[in-house]
Structure formats: C-alpha cells, structure tokens
2 protein chains.
Amino acid sequence: MEKLLTVTELAEAFDVTPRTIRFYETKGLISPQRVGSTRVYTYRDHARLKLILRAKRLGFSLTDIREYLNLYNVDPEQIEQQQLLLTKISRRIEDLEQQQEDLVATLVELRDIEQQALSNIKKKAAATGFTE
Amino acid sequence: MEKLLTVTELAEAFDVTPRTIRFYETKGLISPQRVGSTRVYTYRDHARLKLILRAKRLGFSLTDIREYLNLYNVDPEQIEQQQLLLTKISRRIEDLEQQQEDLVATLVELRDIEQQALSNIKKKAAATGFTE
DNA sequence: GAGTAGATTGACGTATACGTAAACCTTCTC
DNA sequence: GAGAAGGTTTACGTATACGTCAATCTACTC
C-alpha cells in the first residue's frame, strides 16, 4: 500500500509552501490525483517534485523545467519523437556543461579569496604579537 | 593606453543590451567613469561584467551577485572583515557544491535518457528492416 | 545650421514566481 | 451541532530583471 500525501505534507517534506506546489500544478509541472476536491500525492509525485526543485536550484525557469520533465515521457516507439528528444537533450547537456565550467571557475576564485583571507589573518596575528 | 568602451560596445561584447548594463549600475553592480554624462568602461569593468554574467548563468540574483562582488573588495587589514569574509565564502562554497551535485545528477540522467533514445532508434531501425 | 547618430534620464510595461488574504467546503471532535 | 483544522478556488499584491518608448542632449557631418 502506498502512502499518500496531502499538499501540506508534501510541502513540508521539501520545505516549500503548499502555495508553491499548487502553483506548479497550474503550470503543468505536477498533477496529483484528487479525492473529491482534495489533492493527493503519490511517491511518483514526490520524486517528480524532487526533480523540479533540483532543476530550480540549477536556475531553470518553470517553463524550462516543464520541458525538461517532458523528456522523460517521450513515446519510445515514435522515432521522430526520439530524434527530437536527442537534439533537445544535446542542447540541455551543452547548457549544463557551460554551467559546470562557470561553477568550477567560481569555486576556484572563491577558494583563492579564502586562502588570501586566511593568510591575511595569519600575518596580522604575527604582526600583533600573538605570542604574548 | 587603455581602450575605453561605450555602453553599447561593452554590451555587444557580451551580447547583452545597454539597458541591462545600465540597470546593473542602478543596482550597484558596476560603476563606470563618466566623460561628461557619457559612461566609459575600462578593462576592469569588462572583467567585472564577465563575473556578473557568469554568476547569472549560475542562477544568482543580482543582489547575491552584488554581495559576491563585494567579496573581492574587503580590506585585508581589517581582521574582523576578513573573518566575516571567511564565513560568507564558506556559505557560498557550500551552495555551489550543492549545485555541483545537482548538476552532476542531472547530467547523469540526461545522458541516460540519451542512451535509451539511441537504443530505441536502433531497435526500431532493425525491426523496420533497414537493410532493404 | 540642419540633420543624423548615439548617448542620457525618466517612466511605464511585462513576464516569472510565488505570497497573502478572502470566501467557501468538508470532516472530525467534543 | 458548533467549532476548529485543513482543504479548495479566486483574486489581488509584490519583488526581480529587464524591455520599450519618450524626451532630451551633445557631437559630428555635409
């Protein structure tokens, strides 16, 4: 038996607000079943939201994320769809590789500043006479 | 002698609009000299904009970027400043390492989908009798 | 010196991504 | 059965990041 979640429960699981999840639904990112009018979320929805939030942390727009999620649902029988899928994926991968470069470069610089800060503190400590 | 650039020239160099650069100025991200009322940008401004746009690609908000740029301008003599700098940098680094994880995970999944698509196409080609 | 090219400062418009409040339903619980 | 708890939709509000004029001001150029 699968444990079903309410909006609030799912929201708390990922530290977002229910409003956010409902908003994503209006944007077509996630579509839970209903019991009456109440939304209920399955494990699959949980996994889907996880994907959404990960993509958000990477700076994707909700529209981009919708596109991204759709990559998972392409009919394996339709060759043309698969071909199109390949080109879309290629573009995404290129973007992410660019981002990876940016990330590495930024990390290098931050760690450099960090080292300088440490050395500055050391110097000052020595100059002030930390042995007293 | 240093080659000075106008807004439009700098904008073209990075494929953004002059409006964008002026907007960044109102946000305190970049502050060129003036000749009369006209903005002129030095090589340092060029480098600074490069940093800004790189951070943007990583999904930083302009406010975050302002903070980020300020990390470069902390007085090396003020130990307290340097201490504060260290904690700020640590947080940034943590964020970026999280992002790196996200990135790697996403890339793995995309490449997986890519392989499946390729295999789907291959199968279909075989089934349709591509030898004829 | 009239025109054109490119710069400037407002000021308003717009898309994205939610926050927030109002009004309304169910569903327990006592 | 009255109320509290948590769900729903609808609608307006808001911060961010610019786009898009409009009006104005030099600075050449012919």
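Listed values, structure above:
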{"quantity": "Length-normalised contact order for the range A:1-61 - Cα pairs under 8 Å, 6+ apart - percent", "calculated": "36 percent"}
{"quantity": "Exceeding the 24 Å Cα-Cα cut-off - candidates A:LYS56/B:LYS123; B:LYS3/B:LYS50; A:LYS27/B:LYS50", "calculated": "A:LYS56/B:LYS123; A:LYS27/B:LYS50"}
{"quantity": "Under 16 Å from B:LYS122, Cα to Cα: aspartates and glutamates that are on another chain or at least 8 residues apart", "calculated": "A:ASP75, A:GLU77, A:GLU80, B:ASP112, B:GLU114, B:GLU132"}
{"quantity": "Positive-end extreme of charge dipole, the range A:74-132 - chosen from A:GLN83, A:LEU107, A:ALA126 (charges on Cβ)", "calculated": "A:ALA126"}
{"quantity": "Projected-area average for chain A over all orientations - Cα convex hull basis, square nanometres", "calculated": "14.2 nm²"}
{"quantity": "Accessible carbon and sulfur surface of the range B:1-115 relative to its total accessible area, %, 1.4 Å", "calculated": "48 percent"}
{"quantity": "Test item: A:64-71 mean partner chain Cβ contacts at 10 Å", "calculated": "1"}
{"quantity": "Rounded to the nearest 20 debye, dipole of the range B:1-60 from Cβ charges on Lys, Arg, Asp, Glu", "calculated": "240 debye"}
{"quantity": "Three semi-axes of the equivalent ellipsoid, the range A:60-116, Cα gyration tensor, whole Å, largest first", "calculated": "35, 11, 7"}
{"quantity": "Of A:LEU5, B:TYR43, B:GLN116, farthest towards positive along the dipole that unit charges on Lys, Arg, Asp, Glu beta carbons give the protein assembly as shown", "calculated": "A:LEU5"}
{"quantity": "Residue-averaged [θ]222 nm for chain A, counting only DSSP H segments that reach four residues, each worth -39500 (n - 2.57)", "calculated": "-23500 deg cm²/dmol"}
{"quantity": "Base-10 log of normalised Debye intensity for the range B:1-62 (one unit scatterer per alpha-carbon) at q = 0.12, 0.28 Å⁻¹", "calculated": "-0.26, -1.40"}
{"quantity": "Point-charge dipole on Cβ atoms (K/R +1, D/E -1) for the protein assembly as shown, about Cα centre, debye to 20", "calculated": "620 debye"}
{"quantity": "Interface area, B with A, accessible, probe 1.4 Å, both sides summed, Å² nearest 100", "calculated": "4000 Å²"}
{"quantity": "Sum of side-chain charges, B:GLN116 neighbourhood, beta-carbon under 13 Å (Lys, Arg +1; Asp, Glu -1)", "calculated": "-1"}
{"quantity": "Size of electric dipole in chain B: Cβ of Lys, Arg +1 and of Asp, Glu -1, about Cα centre, debye, nearest 20", "calculated": "500 debye"}
{"quantity": "Mean accessible surface per residue for chain B, computed with a 1.4 Å probe while every protein chain stays in place, in Å²", "calculated": "63 Å²"}
{"quantity": "For the range A:9-132: relative contact order, % (alpha-carbon pairs under 8 angstrom, 6 or more apart)", "calculated": "13 percent"}
{"quantity": "Solvent exposure, largest accessible area first (probe 1.4 Å, DNA, RNA and ligands not counted), of A:SER37, A:SER61", "calculated": "A:SER37, A:SER61"}
{"quantity": "Shielding of B:17-27 by partner chains, average beta-carbon count, 10 Å", "calculated": "0"}
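The values are calculated or read from the model by the stated rules, or taken from the named source; none is laboratory data. Since we're looking at a predicted model, the values are computed, not measured. Please note: Cβ atoms are built from the backbone with ideal geometry, for glycine as well, and neighbour counts cover all protein chains shown. Areas reflect the complete protein model, heavy atoms only, side chains present, ligands, DNA and RNA absent. Shrake-Rupley method; radii C 1.70, N 1.55, O 1.52, S 1.80 Å.
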